[in-house]
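Accompanying notes for the structure given below.
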Amino acid sequence: MTKSLFDDAKQRLDLALKYVEMSEDAIEHLKYPKSSLTVSIPVRMDNGSLRIFQGYRVRYDDTRGPTKGGVRYHPNVTLEEVQSLAFWMTFKCAVLNLPFGGAKGGITLNPKELSRMELERLSRGYIDAIADFIGPDIDIPAPDVYTNQMIMGWFMDQYNIIKRQISPAVVTGKPLAMGGSLGRDTATAMGAFYVIEKMLPKFQKIPQDTTVAVQGFGNAGAWIAELLCNVGYKVVAVSDSQGGIYAKKGLDIKSVRLYKESNRGMKAMYCQDTVCDIVDHQVISNEDLLKLDVDVLIPAALENQITEKNAHDIKAKFIFEVANGPVTSAADRILEAKGVYVFPDILVNAGGVTVSYFEWVQNRSGLYWTLEEVNQRLWEKIVMEAEKIWYISQSLGASMRSAAYIHGLNRLGEAINAKGTRDYYVNGGR
Ligand code: NAD
């Protein structure tokens, strides 16, 4: 029987628990989200009709601090997906030692079908519905798939209207002019870049000899492709929801990104217009991109992309998970047997939440940092944790994924134990 996404996510916990001593109370605690909110959001459409959208916000665990996590706008969003994403956020914040618990949100819709005004009314309606559930010291939303700076700006403004005060720290990933942080737009990719640059030399890989394929050409995927391309990696394929492009001699990623930004889609690029003139390329499906004979594969789109169905066909030697949950636990076992190194999402894509943390700190202190300061602090934090996870992996003979969960679990267990269970008896909550 196929496991649900959430059960599959929790399987990683079971694997890591083989190596970690933890109280039964703490283990039980980590198996359930603290609270899950489902809301119906009424939106007046441009044609005068009323549509109701389903939205969610899940706070998984707040033992280590206020909860933190992005909001996704996508047709496949379900409560279960949001719970899984909130679970991963809990571990990611612990792995990076951020003073946050994990959360996530989402609305089930295809945002490409809404006008800008409809999108704004929906986004403000979402905040109306969850305003009592969030706050700078409670739960702090951020961008995720198909949400961006503009939407975070609407979120913050709506929250301020409701609360009648200016609270920039309630949302991260905001526009700079509204208290956003320099470097937040590239943070997820920059964090992944630092991890890749730290890990590949351990396998004697240098950029000039390393080919890369990136699935997903959005905020995270486009930037990681460009950062790698800039230092000499040969990025031979990229894709988005409509399909992908492949060029054996490597793509000029900056041109592809600028082209996509100006044309708002990659489709036009397949057979006409500027990029086609710049590089020789062929069209490739997302499915085939995953099976390319490259050194490094970077899934940067959605979860469940590499499963037991296609894991046998993966030829890459290294997978860096920029997306959340792109490799299932069944695929993990197949890849491990094939000798493929999988560097897990809860480390690789943690640059986003780390710079979100920096943004929250800057908002609360009122002192703003330069781009160099942001990137330097990100580098220090993510490289230090990557090295610790590498050490755990090497000393226990565990996969990098299990090592990352072990690392996160140790911190979570410590916090849960320190907090104790007194409040279970006092008020039935935690
Ligand atoms: P985005 O909306 O900016 O981009 C998503 C990209 O994926 C788009 O290019 C889209 O066309 C593409 N895509 C959608 N469906 C696809 C499919 N079936 N096959 C191939 N491509 C597809 O989103 P993002 O912020 O870049 O997020 C991408 C992934 O990174 C998600 O898993 C997200 O949870 C994760 N992530 C994002 C951040 C962040 O700060 N934005 C942080 C950590 C993790």
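The values are calculated or read from the model by the stated rules, or taken from the named source; none is laboratory data. This one's a predicted model, so the numbers in the text were calculated from it and none came from an experiment. Glycine also receives a Cβ, built like all others from the backbone with ideal geometry; neighbour counts cover every protein chain displayed. Each accessible area value is taken on the protein alone, full model and side chains, heavy atoms only, with ligands, DNA and RNA left out. Shrake-Rupley method; radii C 1.70, N 1.55, O 1.52, S 1.80 Å.
Annotation: amide H-H contacts under 5 Å for Leu37 (H modelled 1.01 Å from N, sequence separation of 5 or more, or interchain): Arg57, Val58, Arg59. Each label was represented as a point 7 Å from its Cα along the Cα-to-Cβ direction; for Lys419 and Gln204 these points are 4.8 nm apart. Across segment 326-430, C-alpha contacts under 8 Å between residues 6 or more apart give a mean separation that, scaled by the residue count, equals a relative contact order of 26 percent. Positive end of the dipole of the chain (Cβ unit charges, origin at the Cα centre): among Trp369, Leu396, Val71, the Cα lying farthest that way belongs to Trp369. The lysines whose alpha-carbon is closer than 18 Å to the alpha-carbon of Lys34, local same-chain residues fewer than 8 away aside, are Lys10, Lys68, Lys92, Lys104, Lys419. Sorting Phe100, Phe6 by solvent-accessible area of protein heavy atoms yields Phe6, Phe100, largest first, with a 1.4 Å probe. Coupling constants for segment 161-174 follow from the phi torsions by the Karplus curve (6.51 cos²θ - 1.76 cosθ + 1.60, θ = phi - 60°), and in residue order they are 5, 5, 8, 6, 7, 8, 10, x, 6, 6, 9, 10, x, 7 Hz; glycine and proline get x. Using only side-chain charges placed at the Cβ, +1 for Lys and Arg and -1 for Asp and Glu, the dipole size of segment 165-235 relative to its Cα centre rounds to 140 debye.
Ranked by solvent-accessible area (1.4 Å probe, protein heavy atoms only, all chains present), the residues Glu21, Glu113 order from largest to smallest as Glu21, Glu113.
Local charge for Val342 was computed over the other residues whose Cβ lies under 12 Å away, with Lys and Arg +1 and Asp and Glu -1, and equals +1. For Thr67, the amide hydrogen comes within under 5 Å of the amide hydrogens of Gly101, Asp139, Ile140, counting only partners 5 or more places away or on other chains and with H modelled in the peptide plane. 3J(HN,Hα) along segment 341-357, derived from phi through the Karplus expression 6.51 cos²θ - 1.76 cosθ + 1.60 where θ = phi - 60°, amounts to 8, 10, 9, x, 3, 5, 9, 4, 9, 6, x, x, 6, 5, 6, 4, 4 Hz, with x in place of Gly and Pro. Counting Lys and Arg as +1 and Asp and Glu as -1 over every other residue whose Cβ lies under 13 Å from the Cβ of Pro143, the net charge comes to +2. For the chain, with the dipole built from +1 on Lys and Arg beta-carbon atoms and -1 on Asp and Glu ones, taken about the Cα centre, which of Leu176, Ala9, Tyr233 lies farthest toward the positive end? It is Leu176. Across segment 299-358, the relative contact order, built from alpha-carbon pairs under 8 Å that are at least six residues apart, equals 36 percent. Counting alpha carbon pairs within less than 8 Å and at least 6 residues apart, what relative contact order, in whole percent, applies to segment 29-186? Value for segment 29-186: 22 percent. Using the Cβ of Met400 as centre and a radius below 13 Å, the other residues enclosed give a net charge of -1, where K and R count +1 and D and E count -1. For segment 52-77 and segment 204-222, write down the distance between their C-alpha centroids in whole Å. Cα centroid of segment 52-77 versus Cα centroid of segment 204-222: 29 Å apart. Subtracting the Cα-Cα distance of Ile162 and Glu24 from their residue separation scaled by 0.36 nm leaves 45.5 nm. A protection proxy built from the mean count of other Cβ atoms within 10 Å ranks the segments 212-224, 157-169, 312-324, most packed first, as 212-224, 312-324, 157-169. In order along segment 230-235, phi translates into HN-Hα couplings of 4, 9, x, 5, 9, 8 Hz, rounded to whole numbers, per the Karplus curve 6.51 cos²θ - 1.76 cosθ + 1.60 with θ = phi - 60° and x for Gly and Pro.
Considering segment 277-430 at the alpha-carbon level, its Rg and Dmax are found to be 19.6, 69 Å.
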